[in-house]
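Take a look at the structure set out below.
The values are calculated or read from the model by the stated rules, or taken from the named source; none is laboratory data. Remember, it's a predicted structure, so these values are computed and weren't measured experimentally. Cβ placement follows ideal geometry from the backbone for every residue including glycine, while neighbour counts extend to all protein chains displayed.
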């Protein structure tokens, strides 16, 4: 899981600046099909130049939300404002948005350059300007040598670039991307993620990306909106979404997490003390979570934040003993399934920093599991 | 290549040959052979005999004499009636094909864009007329078009016309008959083509700023060109040789080649000239068929 920081990020990001005006505003947007509410009361501000990802599983309403921005669906309730303009009643051909379709939707009877010029022709631009802009965008996506090919003579990655170029060439206020990398194989997807980010920074257009791939969302976005059952459950930077999820759904959806049930026993300054019977211990966690003594909560611990060793080391506030039950070697890291003395099942990952595995605990071995007070976070019951 | 590979290849070959042989045999027996018979008759001379023409080859006094009579073809050219009939047939077929296209395209489009569960019902309605006899359906049009038929009675009842319009026994009646009869042949290939149209292409066009009409002209229409060509050929080719519709609905001056053929064969009993008419009709139709094949090949490449 990587988060790239772009060089152009200002000191205070617009979403943290109370003065900043949102570029795209969704105000209580809902959409029902028959009796089914696909999108429920989404309120969201997206700022100029953002690369915003709508992340969620299939059927969570993210594509419907995107299609409402493009004008293919009409909201049942709520307003969509782009650059301050209400989009109600505006047809897709009349909106300052362009969309890159999941299937790419390239016109099979037109060459690459005709596909890209299509939108510019509809605007009635002079022929010379169309040719110049098509040439520029082809160079940007490195497809100049393929200008005269038909879409079926291109590879998947090349088609993806043409689809991106066709949507970008009109210089929309808002570029909507529906699973832009979904049809590419893993290796190509990773390369293309960085390229997409680079292109976005270069053209400076606000991107809204729909994806079900959490890794893709983490890599691409300035901010992520996690969706579940038609609602946005959390909006934040990739870092916030991963390290400070507000709910078990978000914590589980992005990365994996150990959730250990417990009851609050008290607070000491910034630390909450939680008794976890499954761990057979009372743990300390740095948290602003408001909970009175006796309240049921859960301690959430990411697997990579637990240190594991045959002997205890100093510097950790929390420690339990566990037995290795399963080991899965992944190459860059190893995943351990452990059972603590109290009966809790924990998942721990270790980076494989050396090529030997002499020190790696074996199945059946007892190990010390330690973590600091800042390693975990608290979730409501 | 190993012996086994060779044997396998030979086996594969014989399998393929069998698959090709069946339709080839069919075409040979029921198309090529009859055509050769017709071509042979077209080169012989008329005679009062059974059959009513002279044999091409004769064996007499130890000499084989073959007489090829091209007079029938020259006769077709010299008598303006035949040339006029060919041109008239092509004209009537072309205009009728245009009408079926103009009516059939929107119908096919609506069916292709309909909800999937409704498509089969709509398609069945298109094919439904085939459940009654072709002849009956053409007869039914007489009831509509004749002087005291349904259309004229309705027009007079509405006061739109005082005297009945002459509809039956005109070229218009023939256009109506052909258009009506052949409409499904236009709709079905167009539907097959349009139902494969990717809806996301239409959305992409709209997204890029195209109004619905522009989307239709720049995306839908070019992508359905194959269906248009196929539908037009399926209507045009049989319409050129149509006999029943002009005979029942057309007037005495509706001169289509099918009727000329009928008259030569059954009224004049001039089998050689009738055969020549048939051979020339085939040659005339080979042009559009080649055009169709070229269009299909281009679409595939």
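Tabulated values for the structure
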item: Those helices (runs of 4 or more DSSP H) lying entirely in segment B:90-191 with at least 1 residues touching a residue at least 40 places away in the same chain (Cβ under 8 Å) and farther than 19 Å from residue B:233 by Cβ; result: B:116-127, B:134-145
item: Scan of segment A:300-328 for residues that are closer than 18 Å to residue A:280 by Cβ and within 27 Å of the chain's Cα centre (by Cα), ordered by number; result: A:301, A:306
item: Search result, residues across segment A:332-370 that are touching a helix residue (DSSP H, G or I) at 6+ places or on another chain (Cβ under 6 Å) and in contact (Cβ under 8 Å) with a residue 60 or more places away in the chain; result: A:347
item: Residue in segment A:98-107 that is surrounded by fewer than 21 Cβ atoms within 10 Å (Cβ to Cβ), more than 9 Å from chain B (Cβ to nearest Cβ) and either part of a loop (DSSP other than H, G, I, E, B) or in contact with a helix residue (DSSP H, G or I) (Cβ under 6 Å, 6 or more places away or on another chain) (or both) present; result: no
item: In segment B:50-74, residue farthest from residue B:172 (Cα to Cα) [restricted to those that are loosely packed, with under 15 Cβ neighbours inside 10 Å and under 29 Å from the mean Cα position of the chain (by Cα)]; result: B:70
item: Among (1) touching a residue at least 24 places away in the same chain (Cβ under 8 Å); (2) in the same structural domain as residue A:24 (by the TED database); (3) surrounded by fewer than 16 Cβ atoms within 10 Å (Cβ to Cβ), the one test that residue A:213 misses; result: (3)
item: Residue satisfying all of: in segment A:83-97; touching a residue at least 60 places away in the same chain (Cβ under 8 Å) and within 14 Å of chain B (Cβ to nearest Cβ); nearest to residue A:207 (Cα to Cα) among these; result: A:97
item: Count of residues meeting criterion [modelled with pLDDT of 95 or more and more than 8 Å from chain B (Cβ to nearest Cβ)] in segment A:114-124; result: 6
item: Of the criteria (1) assigned to a helix (DSSP H, G or I); (2) more than 14 Å from chain A (Cβ to nearest Cβ); (3) out of contact with any helix residue (DSSP H, G or I) (no Cβ under 6 Å at 6 or more places or on another chain), which one residue B:245 fails; result: (3)
item: Residue in segment A:74-81 that is surrounded by 14 or more Cβ atoms within 10 Å (Cβ to Cβ) and either within 13 Å of chain B (Cβ to nearest Cβ) or under 28 Å from residue A:194 (Cβ atoms) (or both) present; result: no
item: Test result for residue A:124, in contact (Cβ under 8 Å) with a residue 60 or more places away in the chain, over 18 Å from the mean Cα position of the chain (by Cα), assigned by the TED database to the domain that holds residue A:64 and on the phi > 0 side of the Ramachandran plot; result: no
